[in-house]
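To start, the structure itself, in structure tokens.
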């Protein structure tokens, strides 16, 4: 009996095409609803509607919206969907006003279009995602997969696969040429060893295995080459799972250099749409806060000038994005303005702090001028707190990975501050804990995380703990 015929999988994803069609329909539906809500027909909006679909498609492709979302949380997909639409509409409106085509368009139509399309996009993506999960959880449209190598990494991969049936991958088990005594013991509940590599080739050729994951360590190059040579006689998709967990991964993504793939180990997470969304969020919130706080800031400036000798503002050299030097704005709270090779941290009952300065530091009002840094682009609302240049040079020699906190813009507040590592770092351990929080923020960044940190910052400021 011959081997069963195997279908050759298409490189163009059918699901990706469905997402593209759903997005186009959402943009058109949002526009139709906006026009219908106004009770009139604006035929001159047909061209902007078509342009919006094209612009949205381009922004979505650049932002990687149509990649596989298997294993990615629903919340992150929703944020990406809404961010893509906001950027696309902003580009379209800018072009429209620059060309004069949106001058006579009622603002209520644009606002309704924005909200209506956003709702349609979220609903359509949610329905498609739910349909995928419904099929995968029932064993439909799944791919049989196998793991080559009974290793710690292989066990971790198997656990991930069994805990996430929504990935649509049906794990058959392990294949390994090594004797069982040379391999780690498999935990209960995890698929067991099926056979050796020759058995895997037989099962893959028979159509039982669609995907194969090789989890040997990267140093086992010859063994991996031998496995690949045997699997070349099958049509299964083969993946090498590198043991990158042996490194400290800050933030990683795949890139391509003339067809040669590479993976980043230390990377800025704010690229593409994410970077645009965070910058837009900073500008909107910082701009509103500057307007609302303009009068109180002016009153504080006068009080500083009248209460002690010296400038109103203090600008200190600190490290910004990629370690570039920036000047950070603060209200002056001391009788000195240290910015040299040696900077002494403020301590409790510090004699250099003025009476008004003590109040400003306790309430963190002295940090508010950093809104100017946010507006000019050298800082963000949320990020690792910038340290004095002298402190950076000191701690970069003492804490491994210290300078990685500069892979994103520094912030007025950050994860370390709301976790309790605010204020004086009089011990090395305190600075280490702060740096660990900064690394975690970079790895786990999301716009929602920024929002949560801002709200938690308000509670920390009211508590006035470690502020002196």
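Some points to look at:
- Tabulated pairs, the stretch 184-209, first within 26 Å of residue 164 (Cβ to Cβ) and outside the structural domain of residue 223 (by TED's automatic domain parsing), second surrounded by fewer than 17 Cβ atoms within 10 Å (Cβ to Cβ) and at pLDDT 75 or above, C-beta under 6 angstrom, 6+ apart or interchain: none
- Some residue of the stretch 417-439 being in contact with a helix residue (DSSP H, G or I) (Cβ under 6 Å, 6 or more places away or on another chain), assigned by TED's automatic domain parsing to the domain that holds residue 369, surrounded by 20 or more Cβ atoms within 10 Å (Cβ to Cβ) and within 17 Å of residue 374 (Cβ to Cβ): no
- Residue that is modelled with pLDDT under 85 and within 26 Å of the chain's Cα centre (by Cα), where the choices are 40, 68, 26: 68
- Some residue of the stretch 391-409 being over 18 Å from the mean Cα position of the chain (by Cα), at pLDDT 90 or above, assigned to a helix (DSSP H, G or I) and within 15 Å of residue 328 (Cα to Cα): no
- Check on residue 212, at pLDDT 75 or above and not in a helix (DSSP H, G or I): yes
- Among the residues of the stretch 437-449, those identified as under 16 Å from residue 267 (Cα atoms) and assigned to a helix (DSSP H, G or I) are 438, 439, 440, 441, 442, 443, 444.
- Among the residues listed as 415, 375, the single one being closer than 19 Å to residue 278 by Cα, more than 16 Å from the chain's Cα centre (by Cα) and modelled with pLDDT of 90 or more: 375
- Entirely in the stretch 218-323, the strands (runs of 3 or more DSSP E) that have 2 or more residues that are over 29 Å from residue 81 (Cα atoms), assigned by TED's automatic domain parsing to the domain that holds residue 357 and modelled with pLDDT of 85 or more: 313-319
- Pair list, Cβ < 9 Å and 6+ apart or interchain, from the stretch 57-77 residues that are closer than 14 Å to residue 87 by Cα to residues that are assigned to a loop (DSSP other than H, G, I, E, B) and modelled with pLDDT under 70: 62/272; 63/272; 64/272
- Of the criteria (1) within 20 Å of the chain's Cα centre (by Cα); (2) closer than 11 Å to residue 438 by Cβ; (3) surrounded by fewer than 19 Cβ atoms within 10 Å (Cβ to Cβ), which one residue 384 fails: (3)
- If you filter the stretch 212-239 down to residues that are touching a helix residue (DSSP H, G or I) at 6+ places or on another chain (Cβ under 7 Å) and closer than 30 Å to residue 443 by Cα, you find that the one that is surrounded by the most Cβ atoms within 10 Å (Cβ to Cβ) is 212.
The values are calculated or read from the model by the stated rules, or taken from the named source; none is laboratory data. Keep in mind that this is a model prediction, so the values were computed, not measured. Cβ atoms come from the backbone with ideal geometry, glycine included; neighbour counts cover every protein chain shown.
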